[in-house]
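Working notes for the structure below.
The values are calculated or read from the model by the stated rules, or taken from the named source; none is laboratory data. Computed from a predicted model, the values in this text were never measured in an experiment. So basically every Cβ, Gly included, is an ideal-geometry build from the backbone, and we count neighbours across all protein chains shown. Side chains are part of the model used for accessible areas, which takes the heavy atoms of the whole protein and leaves out ligands, DNA and RNA. Shrake-Rupley method; radii C 1.70, N 1.55, O 1.52, S 1.80 Å.
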Amino acid sequence: MIAQAMIELKNAVKRFGANAVLNGVNLRIYKGEITSLIGKSGVGKSVLLKHIIGLFEPDSGELLYQGKDVRAMKRDEKRALKRKFSYMFQESALFDFLTVFENIALPLQERTSLGEAEIHRRVHDKMHQLDLYKIDDNYPSQLSGGMKKRVALARALVTDPEIVLFDEPTTGLDPVRKSAVLSMISDYQKRFGFTGVIVSHEIPDIFFISQRVAMIDSGRIVFEGTPEEIQKAANPVVQNFIKGLESPHDDLTGVASQSLGHKRLQQEMSRLQRHQISFSIILLSVDNLEDVDRIAGHVASQTVLKNFANHVKQNLYITDTCFRYDMNKILVILPDTNADQARMFCEKLSRNLETSALFEAPGTQAELCYSVSAGIAQAEKDSRLESLLEDAKSRQNIFYECSI
Amino acid sequence: MDFLVSLKSPVSGLGRQVISFIGDLGRIFLFFFEGFVHIFKLPLQISKFKQQIYFIGMKSVFVICLTGAFTGMVLGLQGYYALLRVGSTGALGGAVALPLIREMGPVLTAIMVIARGGSAMAAEIGIMRISEQIDALETMDINPIRFLISPRIAAALVCFPLLTALFDVVGIFGGYLTGSVMLGVNPSLYFSRVESSIHMSDVTEGFIKSIVFAAVVVTICCFQGYYTHMRAEFGAKGVSLSTTRAVVISCVVILIVDYVLTSILL
């Protein structure tokens, strides 16, 4: 049985003049999942997002919320529905006559009966999590583009909404802040379980945090599925788009990208099968990245990850490779190495790792613990790639721990 | 056949124009109505109301005093030489005060506020529209008309009569400056004529006009800004068009409404 979608667009058509921007869009968004919408610029991703929140109405077709047609809803029902949503605009759309604090506080002031102290607390809570300090009384025109984005994000999340629609939340941010925003979205989503829809060009980073991906092209959804499925999709339009956007390096850490890493893994596999040259992999995962997020903030945690990846990179031989396997995981491939040698490599890595090098991030006063675990697996002649990765995941042991 | 079509097109064109004009009129009225009703809905938006009072009222005081003084001075001059021909310069007080209170006060105040505040309102709201700030309000389930328009309507309804009164008083002193100080009309005669020639009904007429003008000006200026995105021109051009149209249309409408009101109230 297919689960009922929380939001469903059926055959939505929207024309602006003679130009059909949406030409029969069918899209399902499930509760508690992050769905990312990808596609070329100007194919109607933002328009689609605006249909979901009701800023646009489709010329024909239906918008269903939990199976119920939104158009048939009564006025009160529609308002109640609207209150569950939050929207982050592409151009931020901050109120230019209000200060940063007033901008973020506005939805709370207008929609809730919270006291001033409580509003103050919640607004500052969000501002600190997004690394926004000492700009309470600034006006949006005094902020940089990246700051505006983060203020807009804080405004969208301050009401703890059930459904959040993000229109390019990370465009124009530097790699650390971009990853911080994405990890924050993912972290919030895990904690509060909201349903998210993200329009983004950040491939493959966006795949780390989303459960579903939909690609829109020529007014239709050409692909809908999980991030793993889209990377294997046969559709040439989808493949061209993904490959075109993917850079060989991961933006944040500077290590190889996911697809490049997987390619390398396959090469090593075939080398093993042909020449019996075995290799090992080490899956390094920063276990408590989320704790670091909560204590020191998302920017600090991403900086730590970046510094850690740098350190790993410096310890590699020229034939070794490492790549970003997941949000908090780095996979190291050591050709011509057995498990014991890999273990030695790990020891060397942890010996050389200095705490000070990791925590150059500013603003981390709080006490926190930082631990990395490593799972080592050696490829045998008859082992398969999937089981090898599973092996590495299941054998994770803490190999490095520090607290400050 | 072609002949029939060419005959029909100007007629149908005119028809379309008329229909769209009536449609616009209806939309403007509903726009005002919604804004007006939300003034009284709880919770009252006191701080926004105060801000608008400051912007529409307080910041216009200087300009109103200046124009009021010169209008009164001109009326004093013109009135003096006109009355000199019939030999009754003693009636100058009435000749200055009556047209000021009944006509020039409300009309010129409205036009000065359009120039100062109305154009700013249209531009401000127009920019909010094109930068999606109004959409942002809607996504937060905040009624943009209540949030943006209601405080402006309320503030204008309060400020216009007060500014008009200020204009009248300053104007009467302006007339005194030219009439009595420069040209030698007896000051006590001037002021007693002001007092005796003005009835309460004249003052009421002036105030009714200023209240109606307040509603007209704010509604037209905000409406032009609010629907900036519906224009054929986008972006900055759309905003500039909105501002121009706000000023021109509200000035013209003020003069038309003034005539209509005068003929009803007289």
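Going by the structure shown, is B:Thr219 open to solvent by less than 20 Å² (accessible area, probe 1.4 Å), in contact (Cβ under 8 Å) with a residue 12 or more places away in the chain, within 30 Å of A:Phe16 (Cα to Cα) and part of a helix (DSSP H, G or I)?
Yes; evaluated as a whole, the condition is true for this residue.
The rows are residues; the columns are (1) open to solvent by 100 Å² or more (accessible area, probe 1.4 Å); (2) assigned to a helix (DSSP H, G or I); (3) modelled with pLDDT of 90 or more; (4) out of contact with any Phe, Trp or Tyr (no Cβ under 7 Å at 6 or more places or on another chain).
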| residue | (1), (2), (3), (4) |
| --- | --- |
| B:Lys8 | yes, yes, no, yes |
| B:Gln17 | yes, yes, no, yes |
| B:Phe33 | yes, yes, yes, yes |
| B:Val37 | no, yes, yes, yes |
| B:Pro43 | no, no, no, yes |
| B:Ile53 | no, yes, yes, yes |
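I'd like the full set of residues that are of a type in the set (Gly, Ala, Ser) and under 24 Å from B:Gly105 (Cβ atoms), limited to segment B:38-75. Show your work before the answer.
Residues of segment B:38-75 of a type in the set (Gly, Ala, Ser): B:47, B:57, B:60, B:68-69, B:72.
Within segment B:38-75, B:Gly57, B:Ser60, B:Gly68, B:Ala69, B:Gly72 meet the criteria.
Going by the conditions given, is B:Glu132 within 14 Å of chain A (Cβ to nearest Cβ), in contact with a helix residue (DSSP H, G or I) (Cβ under 7 Å, 6 or more places away or on another chain) and open to solvent by 20 Å² or more (accessible area, probe 1.4 Å)?
Judged against the criteria, B:Glu132 is not a match.
For segment A:160-170, give me each residue that is touching a residue at least 40 places away in the same chain (Cβ under 8 Å) and surrounded by fewer than 22 Cβ atoms within 10 Å (Cβ to Cβ).
Of everything in segment A:160-170, those that are touching a residue at least 40 places away in the same chain (Cβ under 8 Å) and surrounded by fewer than 22 Cβ atoms within 10 Å (Cβ to Cβ) turn out to be A:Pro161, A:Glu162, A:Ile163, A:Glu168.
Within segment A:76-99, work out how many residues are under 25 Å from the mean Cα position of the chain (by Cα) and aliphatic (A, V, I, L, M).
Result for segment A:76-99: 3.
Open to solvent by less than 40 Å² (accessible area, probe 1.4 Å), more than 14 Å from every other protein chain (Cβ to nearest Cβ) and not in a loop (DSSP other than H, G, I, E, B): does that describe A:His124?
In short, yes.
Out of curiosity, is A:Ser36 within 21 Å of the chain's Cα centre (by Cα) and in a loop (DSSP other than H, G, I, E, B)?
no
Can you pull out the strands (runs of 3 or more DSSP E) entirely within segment A:201-306 that have at least 1 residues that are among the charged types (D, E, K, R) and open to solvent by 20 Å² or more (accessible area, probe 1.4 Å)? Explain how you work it out, then say what you get.
Values: elements: A:212-217, A:220-225, A:279-286.
Answer list for segment A:201-306: A:212-217, A:220-225.
Might you check whether a residue that is open to solvent by less than 40 Å² (accessible area, probe 1.4 Å), modelled with pLDDT of 85 or more and in a loop (DSSP other than H, G, I, E, B) occurs anywhere in segment A:171-181?
No, the conditions are met nowhere in segment A:171-181.
Residue by residue through segment A:36-52, note down the ones that are away from chain B (no Cβ under 14 Å) and touching a strand residue (DSSP E or B) at 6+ places or on another chain (Cβ under 8 Å).
Residues satisfying the conditions are A:Ser36, A:Leu37, A:Ile38, A:Gly39, A:Lys40, A:Val43, A:Gly44, A:Lys45, A:Leu48.
Taking the conditions exactly as written (in contact (Cβ under 8 Å) with a residue 24 or more places away in the chain, closer than 24 Å to B:Thr228 by Cβ and more than 14 Å from chain A (Cβ to nearest Cβ)), does B:Ala97 satisfy them or not? Quick ask: steps written out before the conclusion?
On the way: in contact (Cβ under 8 Å) with a residue 24 or more places away in the chain: yes; closer than 24 Å to B:Thr228 by Cβ: no; more than 14 Å from chain A (Cβ to nearest Cβ): yes.
So B:Ala97 fails the test.
Out of everything in segment A:80-120 that is in a loop (DSSP other than H, G, I, E, B) and charged (D, E, K, R), what residue ends up being farthest from the other protein chains (Cβ to nearest Cβ)?
The extreme case among them is A:Lys84.
Could you say whether any residue in segment A:188-198 is open to solvent by 20 Å² or more (accessible area, probe 1.4 Å), within 14 Å of another protein chain (Cβ to nearest Cβ) and within 26 Å of A:Lys50 (Cβ to Cβ)?
No, that holds for no residue.
Whether any residue in segment B:223-233 is of a type outside the set (A, V, I, L, M), surrounded by 24 or more Cβ atoms within 10 Å (Cβ to Cβ), within 14 Å of chain A (Cβ to nearest Cβ) and touching a His at 6+ places or on another chain (Cβ under 7 Å) is what I want to check.
no
For segment A:271-330, which positions are out of contact with any Ser or Thr (no Cβ under 7 Å at 6 or more places or on another chain), under 24 Å from A:Leu388 (Cβ atoms) and among the small types (Gly, Ala, Ser)?
Of everything in segment A:271-330, just one residue is out of contact with any Ser or Thr (no Cβ under 7 Å at 6 or more places or on another chain), under 24 Å from A:Leu388 (Cβ atoms) and among the small types (Gly, Ala, Ser), namely A:Ser278.
Please state which of the following conditions B:Ala154 fails to meet, knowing it meets all the rest: (1) in contact with an Asp or Glu (Cβ under 7 Å, 6 or more places away or on another chain); (2) more than 9 Å from every other protein chain (Cβ to nearest Cβ); (3) of a type in the set (Gly, Ala, Ser).
Of (1) in contact with an Asp or Glu (Cβ under 7 Å, 6 or more places away or on another chain); (2) more than 9 Å from every other protein chain (Cβ to nearest Cβ); (3) of a type in the set (Gly, Ala, Ser), only one is false for B:Ala154: (1).
Within segment A:1-29, how many residues are open to solvent by less than 60 Å² (accessible area, probe 1.4 Å), in a strand (DSSP E or B) and among the hydrophobic types (A, V, I, L, M, F, W, C)?
Qualifying residue count, segment A:1-29: 10.
Test A:Asp137 against the criterion of being among the acidic types (Asp, Glu) and touching a Gly at 6+ places or on another chain (Cβ under 9 Å), and give yes or no.
Taking the combined requirement at face value, the residue does not satisfy it.
Has segment B:138-149 got any residue that is within 14 Å of chain A (Cβ to nearest Cβ), modelled with pLDDT of 90 or more and open to solvent by 40 Å² or more (accessible area, probe 1.4 Å)?
No, because not a single residue in segment B:138-149 is within 14 Å of chain A (Cβ to nearest Cβ), modelled with pLDDT of 90 or more and open to solvent by 40 Å² or more (accessible area, probe 1.4 Å).
So B:Cys159 passes all but one of these: (1) over 12 Å from B:Met73 (Cα atoms); (2) out of contact with any Gly (no Cβ under 6 Å at 6 or more places or on another chain). Which condition number does it fail?
Looking at each condition in turn, B:Cys159 falls short on (2).
Look at B:Leu84 and say whether it is out of contact with any Gly (no Cβ under 7 Å at 6 or more places or on another chain), at pLDDT below 90 and not charged (D, E, K, R). Full working, then the answer.
Values: out of contact with any Gly (no Cβ under 7 Å at 6 or more places or on another chain): yes; at pLDDT below 90: yes; not charged (D, E, K, R): yes.
It is true that B:Leu84 is out of contact with any Gly (no Cβ under 7 Å at 6 or more places or on another chain), at pLDDT below 90 and not charged (D, E, K, R).
Out of B:Gly179, B:Gly184, which single residue is over 23 Å from B:Phe62 (Cβ atoms), away from chain A (no Cβ under 11 Å) and assigned to a loop (DSSP other than H, G, I, E, B)?
That would be B:Gly184, the only listed residue that is over 23 Å from B:Phe62 (Cβ atoms), away from chain A (no Cβ under 11 Å) and assigned to a loop (DSSP other than H, G, I, E, B).
Does A:Leu55 fit the bill of being open to solvent by less than 40 Å² (accessible area, probe 1.4 Å), within 14 Å of chain B (Cβ to nearest Cβ) and in a loop (DSSP other than H, G, I, E, B)?
yes
Taking B:Leu83 as meeting all but one of (1) more than 22 Å from B:Lys48 (Cβ to Cβ); (2) more than 25 Å from the chain's Cα centre (by Cα); (3) touching a residue at least 60 places away in the same chain (Cβ under 8 Å), write down the number of the exception.
Among (1) more than 22 Å from B:Lys48 (Cβ to Cβ); (2) more than 25 Å from the chain's Cα centre (by Cα); (3) touching a residue at least 60 places away in the same chain (Cβ under 8 Å), B:Leu83 violates only (3).
Scan (1) in contact with a helix residue (DSSP H, G or I) (Cβ under 8 Å, 6 or more places away or on another chain); (2) open to solvent by 60 Å² or more (accessible area, probe 1.4 Å) for the single condition A:Phe101 breaks and write down its number.
It is condition (2) that A:Phe101 fails.
Is at least one residue of segment B:70-84 touching a Pro at 6+ places or on another chain (Cβ under 7 Å) and within 14 Å of chain A (Cβ to nearest Cβ)?
Filtering segment B:70-84 for residues touching a Pro at 6+ places or on another chain (Cβ under 7 Å) gives B:75.
Among the residues that remain, those that are also within 14 Å of chain A (Cβ to nearest Cβ) are: none.
No, because not a single residue in segment B:70-84 is touching a Pro at 6+ places or on another chain (Cβ under 7 Å) and within 14 Å of chain A (Cβ to nearest Cβ).
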